[in-house]
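Any read-out appearing in this document is the output of simple, stated calculations on the displayed coordinates, not a laboratory observation. Bear in mind the structure is a predicted one, so any value in this text is a computation, not a measurement. Note that we place each Cβ from the backbone using ideal geometry, even for glycine, and neighbour counts take in every protein chain shown.
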Amino acid sequence: MPSISPVSGAETGSPASARTAAATEPHGTVPPMTRNRPLGWLMVVTGIIGWLASGTLVLEKLEVLKDPNHTTVCDVNPWISCGQVMQTWQSSVFGFPNMFIGIVAFAVIITTGMGLLSGAAFSRWYWAGLQAGVTLGFAFVVWLWSQALYEIHILCPFCMIVWAAMIPLFVWVTVRNVTHGVLPLPAAAARVLGDSGWIITALLYVAVIATIFFAFIQVFAGTSGF
């Protein structure tokens with residue numbers, strides 16, 4: 001279990017370093033979104049959204065395993081279909097359905113967010129571990145997104161909800177860890193990153209929408225060759 005400090009927002013087990021943002025910026029000047037309460041709410045909301053989407057996919061996967069002809073709640077057409085995506089090898093990269101990872105991972109996010117809202121302060125090692133998990137999760141989501149667009153050519157609506165939840169989660173956990181010294185960056189770079197969190201989030205959403213549009217432009221134009 002992570003060690004907890006009774007002082008909200010305090011980092012326990014975090015060595016001071018003149019080379020990090022934490023050492024050069026007092027708590028009052030860190031981006032508001034990286035403070036305990038705003039970040040806690042973001043983690044709870046994105047965690048619940050991701051967990052519910054993953055849970056729905058788990059239930060639908062169980063139905064598909066019982067009946068391969070089962071029509072899932074998000075089987076809309078040949079290009080928007082959770083059921084067809086579930087039949088691909090990419091949906092079980094590690095030998096079991098990917099959505100089981102989401103059930104566990106988003107539960108951790110929700111729990112951490114609730115801890116922050118209750119005033120807990122987690123140790124530096126906990127934030128470092130969370131950063132590693134969120135980064136790996138984001139990288140995995142990016143890979144799944146590329147597979148859906150350029151290999152499978154089918155979109156899974158509930159998978160896209162997970163993508164949408166992961167973007168602000170990854171961005172703001174990273175910004176938080178940079179501005180609090182968990183990830184060492186020069187103070188100037190940390191300030192720029194701290195001021196750009198929502199811009200980066202918006203750009204990532206635009207990038208996802210644009211790549212979907214161009215990957216499926218033939219479908220939108222009614223001339224699909226897939």
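By how many nm would the segment from Trp143 to Arg37 lengthen if fully extended, with 0.36 nm per residue of separation less the alpha-carbon distance?
Details: separation 106, 0.36 × 106 = 38.16 nm, distance 3.13 nm.
Length difference between fully extended and current span is 35.0 nm.
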Sorted by chain and then number, the residues having a modelled amide H within less than 5 Å of the amide H of Leu155, at least 5 places away or on another chain, are Ile80, Ser81
Treating every alpha carbon of region 32-221 as one equal point scatterer without solvent, the Debye formula yields log10 I(q)/I(0) values at q = 0.13 Å⁻¹ of -0.72
Once both label points are put 7 Å beyond Cα along the C-beta direction, the Phe96-Asn77 separation in nm becomes 3.7
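Dividing the alpha-carbon Rg of region 29-92 by 2.2 N^0.38 Å yields what?
Details: Rg = 17.2 Å, N = 64, 2.2 N^0.38 = 10.7 Å.
Against the compact-globule rule of thumb, the ratio is 1.61.
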For region 165-170, in residue order, the Karplus 3J(HN,Hα) values (coefficients 6.51, -1.76, 1.60; θ = phi - 60°; whole Hz; Gly and Pro = x) are 6, 6, 4, x, 4, 5
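Report, in debye and to the nearest 20, how large the dipole of the chain comes out about its Cα centre when Lys and Arg carry +1 and Asp and Glu carry -1 on their Cβ. Kindly include the intermediate steps, with their values, before the conclusion.
On the way: 8 positive and 8 negative charges, 117 e Å.
Here the size comes out at about 560 debye.
Please find the FRET efficiency linking Tyr150 to Asp195, where r is the Cβ-Cβ separation and R0 is fixed at 25 Å, and quote it to the nearest 0.05.
Working: r = 34 Å, r/R0 = 1.34.
It comes out at approximately 0.15.
Write down, largest first, the equivalent ellipsoid semi-axes of region 94-200 in whole Å, where each equals the square root of 5 times an eigenvalue of the alpha-carbon gyration tensor. Show your work: numbers first, answer last.
On the way: eigenvalues 146, 64, 28 Å².
For region 94-200, the ellipsoid semi-axes come out as 27, 18, 12 Å.
Could you work out the local net charge near Gly102, counting Lys and Arg as +1, Asp and Glu as -1, over the other residues with Cβ closer than 14 Å to its Cβ? Mind showing how you got there, number by number?
Values: positive: Lys61; negative: Glu60.
Here the count lands on 0.
What's the extension gain from Ala132 to Leu203 if we count 0.36 nm per residue and subtract their Cα-Cα distance?
Values: separation 71, 0.36 × 71 = 25.56 nm, distance 2.23 nm.
Roughly 23.3 nm would be gained on extension.
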Stretched fully, the stretch from Leu62 through Val45 gains (0.36 nm per residue minus C-alpha distance, one decimal, in nm) 3.5 nm
Residue by residue through region 92-100, the couplings from Karplus 6.51 cos²θ - 1.76 cosθ + 1.60 with θ = phi - 60°, in Hz, x for Gly and Pro, are 9, 4, 9, x, 9, x, 4, 5, 5
At the level of C-alpha centres, the distance separating region 179-204 and region 89-160, in angstrom, is 21
